[in-house]
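Data first, discussion second: the structure below is written as structure tokens.
The values are calculated or read from the model by the stated rules, or taken from the named source; none is laboratory data. As the structure is a computational prediction, the values presented were derived from the model and not from experiment. Note that each Cβ is placed from the backbone with ideal geometry, even for glycine, and that neighbours are counted across all protein chains shown.
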């Protein structure tokens, strides 16, 4: 059938370019909610708007287990700075850990409270907790009124040096990590080092993996710092941890600001080195594996692959694995080797590659290493070589354990 020629208007298209600049500070302090610490109040008054501002607080229940007086401190702080802020009802207490990102009802609960309380876009949501809680609360705040100002108070190493300082929010859905989410920078990030002193050893260690990650792809000197002080970090040296958190945060923020793709419009996620496997391992272990623990395994796997592919010296590969072990990480779990001959099987680790690409679309882009401090991007990988890497990693885990 012949197509009829459609008459078109002889006009030029209108090309629009919208530029938006986001500014936010990452503060470092101790005793954030002590009455003699004005940082939170100063952040709220910094833009010169009329105060007091309404603040809805969402707290990680796991934090309250170790910080039993936190809610009383919050109430006292709000009373002391009543001319600056006013709490909007009782704080919402939510579960900690990855489980909080698997329950979409929590998003609805926060939305309902925001609506009932009459919060507006000039109000604040104050999120206190680990990275998973910050992700969930950030998604709720970003989708109410198309964005209510978010104040993040990360309480874990991983939150303070990585997820809490970035621009992403999200929850899990359809068995996939961060399937639902937004890009919305926080209004401010308030890192209180006192929170991390009460972490258990797993959560203390978990966040160090993100520092190893960013050091390996961006800063060889920083990796040498981590390697040199690995034993002290494993033994909870607070001074070294504070220095690690600051430098890791700095590198993440520099990348977000200067990479040219802060909202991941392309196909590249260099800051997710080691993450294609990590995200899949979290799902395969029903999230019993901490995110940082999964990232450590993912780093070990992609570093081993880089070595087998001839991109990394043997001495560099060994240095990375030994450092991860000194920090206390396990580098191999049985889920790595399940269904390796069936790449499309839902329990095969290689499904993580497909899901990693699907998350962004476009070409597959995975970050590997061509040297310590030098990340490189590839658009295809050799699954047979990854099988060899998994086998070698298993052998090395047994060797290093011994």
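Within 28 Å of residue 95 (Cβ to Cβ) and more than 16 Å from the chain's Cα centre (by Cα), is that true of residue 232? Break it down stepwise before answering.
Values: within 28 Å of residue 95 (Cβ to Cβ): no; more than 16 Å from the chain's Cα centre (by Cα): yes.
So residue 232 does not fit the description; no.
Condition first: at pLDDT 95 or above, within 28 Å of the chain's Cα centre (by Cα) and either part of a loop (DSSP other than H, G, I, E, B) or outside the structural domain of residue 149 (by TED's automatic domain parsing) (or both). Can you find one or more residues in the range 38-50 that meet it?
Looking through the range 38-50, at least one residue is at pLDDT 95 or above, within 28 Å of the chain's Cα centre (by Cα) and either part of a loop (DSSP other than H, G, I, E, B) or outside the structural domain of residue 149 (by TED's automatic domain parsing) (or both).
Among the residues in the range 258-275, are any crowded, with 23+ Cβ neighbours inside 10 Å and either more than 17 Å from the chain's Cα centre (by Cα) or outside any loop (DSSP other than H, G, I, E, B) (or both)?
Yes.
Just give me the residues in the range 75-91 being under 23 Å from residue 142 (Cβ atoms) and crowded, with 19+ Cβ neighbours inside 10 Å, in sequence order.
85, 88, 91
Could you list, in sequence order, the residues of the range 31-51 that are surrounded by 12 or more Cβ atoms within 10 Å (Cβ to Cβ) and within 16 Å of residue 150 (Cα to Cα)?
Selection gives 39, 40, 41, 42, 43, 44, 45.
Which residue is surrounded by the most Cβ atoms within 10 Å (Cβ to Cβ), if the candidates are limited to the range 52-74 and must be within 28 Å of the chain's Cα centre (by Cα) and part of a loop (DSSP other than H, G, I, E, B)?
67
Among the residues in the range 155-163, are any surrounded by fewer than 18 Cβ atoms within 10 Å (Cβ to Cβ) and either in a strand (DSSP E or B) or assigned by TED's automatic domain parsing to the domain that holds residue 111 (or both)?
Residues of the range 155-163 surrounded by fewer than 18 Cβ atoms within 10 Å (Cβ to Cβ): none.
The answer is no, given that none of the residues of the range 155-163 is surrounded by fewer than 18 Cβ atoms within 10 Å (Cβ to Cβ) and either in a strand (DSSP E or B) or assigned by TED's automatic domain parsing to the domain that holds residue 111 (or both).
Give the number of residues within the range 101-117 that are touching a residue at least 60 places away in the same chain (Cβ under 8 Å) and either more than 30 Å from residue 279 (Cβ to Cβ) or in contact with a helix residue (DSSP H, G or I) (Cβ under 6 Å, 6 or more places away or on another chain) (or both).
Here the count works out to 3.
Only one residue in 177, 213 is touching a helix residue (DSSP H, G or I) at 6+ places or on another chain (Cβ under 7 Å), closer than 19 Å to residue 297 by Cα and not assigned by TED's automatic domain parsing to the domain that holds residue 371, so which one is that?
One residue alone meets the criteria, 177.
Condition check: farther than 21 Å from residue 174 by Cα, in contact (Cβ under 8 Å) with a residue 60 or more places away in the chain and touching a strand residue (DSSP E or B) at 6+ places or on another chain (Cβ under 8 Å). Does residue 330 satisfy that?
no
Assuming residue 202 fulfils every condition listed in (1) surrounded by 14 or more Cβ atoms within 10 Å (Cβ to Cβ); (2) under 17 Å from the mean Cα position of the chain (by Cα) apart from one, which condition is it?
Among (1) surrounded by 14 or more Cβ atoms within 10 Å (Cβ to Cβ); (2) under 17 Å from the mean Cα position of the chain (by Cα), residue 202 violates only (1).
Would you mention how many residues in the range 120-147 are crowded, with 23+ Cβ neighbours inside 10 Å, outside any strand (DSSP E or B) and over 19 Å from the mean Cα position of the chain (by Cα)?
Number of matching residues: 0.
Which one of these is outside any helix (DSSP H, G or I) and modelled with pLDDT of 85 or more: 380, 394?
Only one candidate qualifies: 380.
Take the conditions under 18 Å from residue 192 (Cβ atoms), modelled with pLDDT of 95 or more and not in a helix (DSSP H, G or I) and apply them to residue 243. Does it pass? I'd like the intermediate steps shown before the answer.
Values: under 18 Å from residue 192 (Cβ atoms): yes; modelled with pLDDT of 95 or more: yes; not in a helix (DSSP H, G or I): no.
No: the conditions fail for residue 243.
Evaluate the following for residue 333: is it assigned by TED's automatic domain parsing to the domain that holds residue 276 and either more than 26 Å from residue 202 (Cα to Cα) or surrounded by 20 or more Cβ atoms within 10 Å (Cβ to Cβ) (or both)?
Spelling it out, it is not the case that residue 333 is assigned by TED's automatic domain parsing to the domain that holds residue 276 and either more than 26 Å from residue 202 (Cα to Cα) or surrounded by 20 or more Cβ atoms within 10 Å (Cβ to Cβ) (or both).
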